[in-house]
Amino acid sequence: MLFGISYNSSQNLLITGVLVSLISSFASNLWNHTNDIEEDALQGKKTVLTQKFVSYKTTSIISMFLYGISMIIISYMSIMLEKPIFIFFSIWLMITWLYSDNIFMGKIFGFRLKTHYIGEIITYGIAYPSYTLSIWLIYSDLNISGIAVALVFMFLGLSGVMIKDLKDISGDRKAGLRTLGVKFIPSKLLLSSCIFIILYYIIILYSIFFRILKLNLSMLLVILPFIWFLQNTFYHFHKKGWRIDVNDINSIRVMNASIYISLLVLGIGGFI
């Protein structure tokens, strides 16, 4: 999607951006699971670490290696393109590392960013826009379009963090965590998540209408998944007073599907 709406960019840069995204996201996810062995075990999650297919040391080394490779590529691109890609990527790397870290943050300071709801909000609020800008700068310049896209993904990240722990509330309580799912009732978290999704769509539509993003009629189709979300998720839960039960699974799926469709529309629209 970033490549599609970034005006003119070469095919080689597309490959570079995708490569950096794959390597760096793999690194951060692996580092997260590496530091979550105890919590994952308490929650009954089946990972390569909880099932002891690989060791903590092995995944730690692989994660650090992947972080290093992605940083080398980003450093090279920063120099070659003469853009501050390195700065935004370093911010993302540092915050995601500290978010999951159970060695220094956990052992020395006695807390981790991901075990407290304030740390969760800070991390997602910083990581999403900084990572978005680092990939955007591979394709384009640091301009108002890039800022708008970074805001879009910031609201997307904040919407996700509000509900990501709902399925793990009992496990988080057993582990003694103070996550959003433990601290706040599900109805408030769901309402907050939906508000952030509305802001996500508003920034997209505002940027298209006022030509902050390049105007393409096909990109205006993003309003369709927005309406779908409002009707089948937001209005559905509003009528219920934001209470959640097992019969609401389809409404939650619509929330997620609408976001994926909106990104697909923007990405394809950018190429047309």
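Values in this text are rule-based calculations from the coordinates and carry no lab data. All values reported here derive from a predicted model rather than from experimental measurement. Using ideal geometry, Cβ is built from the backbone for each residue, glycine included, and neighbour counts are taken over all protein chains shown.
List of remarks:
- Contacts under 9 angstrom Cβ, first residue in the range 150-167 being under 20 Å from Ile261 (Cα atoms), partner among the acidic types (Asp, Glu), 6 or more apart: Val161/Glu120; Lys164/Glu120
- Thr34 being touching a residue at least 60 places away in the same chain (Cβ under 8 Å), under 26 Å from Ile144 (Cβ atoms) and not aromatic (Phe, Trp, Tyr): no
- Here Asn232 fulfils each of the conditions (1) surrounded by fewer than 15 Cβ atoms within 10 Å (Cβ to Cβ); (2) closer than 20 Å to Ile163 by Cβ; (3) without any contact (Cβ under 8 Å) to a residue 24 or more places away in the chain apart from (1).
- All positions within the range 186-214 that are farther than 28 Å from Phe3 by Cβ, without any contact (Cβ under 8 Å) to a residue 40 or more places away in the chain and not aliphatic (A, V, I, L, M): Ser192
- Subset of the range 115-156 (residues that are more than 20 Å from Lys214 (Cα to Cα) and over 14 Å from the mean Cα position of the chain (by Cα)): Thr115, His116, Tyr117, Ile118, Gly119
- Condition check for Ile204: crowded, with 17+ Cβ neighbours inside 10 Å and within 23 Å of Arg253 (Cβ to Cβ): yes
- Only one of the listed residues (Leu22, Leu13, Leu2) is in contact (Cβ under 8 Å) with a residue 24 or more places away in the chain and within 20 Å of the chain's Cα centre (by Cα). That residue is Leu2.
- Residue match in the range 173-185 (condition: buried (at least 22 other Cβ atoms within 10 Å of the Cβ) and either touching a strand residue (DSSP E or B) at 6+ places or on another chain (Cβ under 7 Å) or assigned to a helix (DSSP H, G or I) (or both)): yes
- Residues being part of a helix (DSSP H, G or I) and exposed (fewer than 13 other Cβ atoms within 10 Å of the Cβ) - total across the range 207-229: 3
- Some residue of the range 235-245 being assigned to a helix (DSSP H, G or I), of a type in the set (Val, Ile, Thr), out of contact with any Cys (no Cβ under 6 Å at 6 or more places or on another chain) and surrounded by 15 or more Cβ atoms within 10 Å (Cβ to Cβ): no
- Count - residues of the range 247-272 that are part of a helix (DSSP H, G or I) and either of a type in the set (S, T, N, Q) or over 17 Å from Leu191 (Cα atoms) (or both): 18
- Residue satisfying all of: in the range 13-34; within 17 Å of Ser134 (Cβ to Cβ) and hydroxyl-bearing (Ser, Thr, Tyr); surrounded by the most Cβ atoms within 10 Å (Cβ to Cβ) among these: Ser24
- Applying a threshold of 6 Å to beta carbon distances and a minimum spacing of six or more residues, or different chains, the list of pairs starting in the range 238-260 at a residue that is on the phi > 0 side of the Ramachandran plot and among the hydrophobic types (A, V, I, L, M, F, W, C) and ending at one that is part of a helix (DSSP H, G or I) and surrounded by 10 or more Cβ atoms within 10 Å (Cβ to Cβ) reads Trp242/Ser187; Trp242/Leu190; Trp242/Leu191.
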